[in-house]
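Everything below concerns the one structure shown next.
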Amino acid sequence: MTTDTLPSLKLPTAAASASQSRAERLWELLTAPHPSIAQANDRRQARLAAVVILGILGMFALELVFVPSQPGYGPMAVPILLTCAGLLLAYGIVRARYVTIGAVFAISFGALSVVGQVIAIPPELQTTSTLASSLQWLVLPLVVGGLVLTPQTGMLVAVVSIIGILFWEWLTPQDYSTIVTGGAIGFTATIAVVLIFVRYVQERYLVRPQLQELELAARLLERKNIDLERANREMRDFAYIVAHDLRAPLVNLNGFVNEAEFAFYELQSALNAASPHLDEATREKATRAAERDMPEALAYLQTNAAQMRSLIDQVLKIARVGKQELEIQPVDLYTTVKKITTAMNHQLDERGVELHLGQLPTIQADSNLLEQVLNNLLDNAIKYLVPGRPARIDVYAESKPGEAIIHVQDNGRGIEEADHAKVFQLFRRARNVDDVPGEGFGLPYIQSIIQRQGGRIWFESVPDKGTTFSFSLPQSEKGMSS
Amino acid sequence: MTLPVVLIIEDNEGHFRIMEKSFERFGVLNPIHQAVDGQQALDYLLRKGDFAGTALPDLLLLIIDLNLPKVTGIDVLRELVGHEHLNRIPRIILSTSDEPEDVASCKEYGYAAYYVKPPDYIKLTNYIKELNAGAGSRTSSLPGTGPLAPPVTPSEGGTKPLKPRL
């Protein structure tokens, strides 16, 4: 599987909107010749918002033309306020994050417009019917607000309001406002239908394609995860095969080398006994085989079989880290370091190491794994000191938000730039350490166990000046305390 | 008096030969029988197939390799538990694997010791000699399930190469 099948999901960035005014951004969105997916979506949203705004304004225009002279209908504040509400709403649609705020504002402005109209109508002209006609201005924003929240809420509000207005009309004696209330019903219902349609269009052409894209991305990601999981499993299976299929012949190799050795010693004593009876040339050949060639061959076989066994064991050990159960608990770093350095006292004294322990608080870690890490780093620090130079090793920790970082610093021989890449590679070693026995296992291994705990390990080194190995371990909120 | 049999369930001929030769060298006189896979081991123990109609010899010890073709060592262990007379025979697990899962599943069925190959042959031989010495009372003193004393954990399983004694 390749990565290029993954569609890029570009989201509008904050930076783009910060440098432009909203109007400029809208204009750009509406006219950009080759929009990205995100831009295209924004453009469609902006168009929808424009339709909604024009729709609302159009309704007001119609209403003003056909019912121009109702008593108390006067205050232009009503349509203006409602237009504001519509604009806010449109803004809410464009900026999907604020859609709820837009709905709340629309409803609030609608409520305010009712209050405004009630105040504006002279008390002597106020009837239940004028109140009813005022209420329509609340109905619209309620419908709009409801639609923005969910289509079902919007439709419910629309239906309830229409029934409510009809019922109110039926209850109250008609005076002058049949047209107004009738208009209100038609108006509200029309707006509701338009908005439901808008909502549908929005769902169908905006939300759904995005959801589909997201779903596709999620599916691809899931497939990738499965692939990764499988790769991991294959790796573990591979380690298992290494362990068993390689160990079995190795057992024979070891066993029969020992058998050969037994047999060889038998032959050797027989040769000693027979030696005087052999002619000069044969004796010389036999002696060379018995005293030089055979012991040499056996020794090589034995050491190499042992080495191979050790390598196989190490591969297994590192492969198993991923399966290891963790036991994260508070661990006192100071006590842990002290325990390790006490055990290393002999080496430290022998090399005349000046050991400095800095701030070492209690951290959260798997104590067993932490000990292995520190043990390995300290052991390395001692091993690669420069003979004859006053040696100093510092161990200290610092706490960062969410993690603890522990440093082990030495003034040893350092690691050359060219060898940096080898440091965490299995069975690879730097070139300047040939005099120190080692297999190139320790650092890759502790890297695995640090990563297993969610941490990182890195180093800084200056050749001939020293090296600082640092590793981090994730800490939860209450993690580090002194 | 004939000594009881040590049955080695081992498919790897080399592993079997090394063990057999070590026993010979360190003075184990018991007859050694080999089953080359789990199925043959079960036939042998349950007197079926090729072994039908013959009597099961007196068995001192079972040495079981885990990684066997077809019927595995674990399958053999599982089968043993169901047979009172077989379940009493002490068993030593020999495996190239020190996977915790393998050790755990063996532990479930009980063993005298779990050795990672190659085992310490001297230790193994001494154990057989001890069993021989206590052969009269072993059925009562050695329960078939649960690790027998001294339990040997895989990490202690000898990896020291044998040095010839001259």
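Where a number appears in this text, it was derived from the coordinates with a stated rule and is not lab data. From a predicted model like this one, the values you see are computed outputs, not experimental measurements. Every residue, glycine among them, receives a Cβ derived from its backbone with ideal geometry; neighbour counts consider all protein chains shown.
Values for this structure:
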{"quantity": "Length gained when the stretch A:His356-A:Tyr265 is fully extended (0.36 nm per residue, less Cα-Cα span)", "calculated": "27.3 nm"}
{"quantity": "For segment A:318-433: rounded, prolate or oblate by the Cα gyration tensor [a/c cutoff 1.5]", "calculated": "oblate"}
{"quantity": "Nearest-20 debye value, segment A:231-323 charge dipole, Cβ charges on Lys, Arg, Asp, Glu", "calculated": "720"}
{"quantity": "Signed unit charges on C-beta, dipole axis of segment B:1-93, positive-most listed residue B:Pro69, B:Leu45, B:Pro90", "calculated": "B:Pro90"}
{"quantity": "Average beta-carbon neighbours from other chains, 10 Å sphere, peptide A:251-257", "calculated": "6"}
{"quantity": "Cross-link table A:Lys339/B:Lys107; A:Lys317/A:Lys383; A:Lys339/B:Lys129; A:Lys422/B:Lys117, entries beyond 31 Å C-alpha to C-alpha", "calculated": "A:Lys339/B:Lys107; A:Lys339/B:Lys129; A:Lys422/B:Lys117"}
{"quantity": "Positive-end extreme of charge dipole, segment A:231-323 - chosen from A:Leu298, A:Asn254, A:Leu267 (charges on Cβ)", "calculated": "A:Asn254"}
{"quantity": "Whether segment A:285-368 is rounded, prolate or oblate, judged on the alpha carbon gyration tensor where a/c under 1.5 counts as rounded", "calculated": "oblate"}
{"quantity": "Peptide B:90-98 - average C-beta neighbours from other chains (10 Å radius)", "calculated": "3"}
{"quantity": "In segment A:322-386, the GluC sites (Glu not before Pro) that fall in loop regions by DSSP, at most 13 other Cβ within 10 Å", "calculated": "A:Glu325, A:Glu327"}
{"quantity": "Positive-end residue, segment A:285-390 charge dipole about Cα centroid, Cβ charges, pick of A:Met308, A:Gln347, A:Gln359", "calculated": "A:Met308"}
{"quantity": "log₁₀ of I(q)/I(0) at q = 0.12, 0.15, 0.23 Å⁻¹ - segment B:1-88, Debye sum with one point per alpha carbon", "calculated": "-0.35, -0.55, -1.23"}
{"quantity": "FRET efficiency estimate (nearest 0.05) - Cβ-Cβ, A:Arg233 to A:Arg204, R0 51 angstrom", "calculated": "0.75"}
{"quantity": "Within segment A:251-385: Cβ-based charge dipole about Cα centre, in debye rounded to nearest 20 (Lys, Arg +1; Asp, Glu -1)", "calculated": "320"}
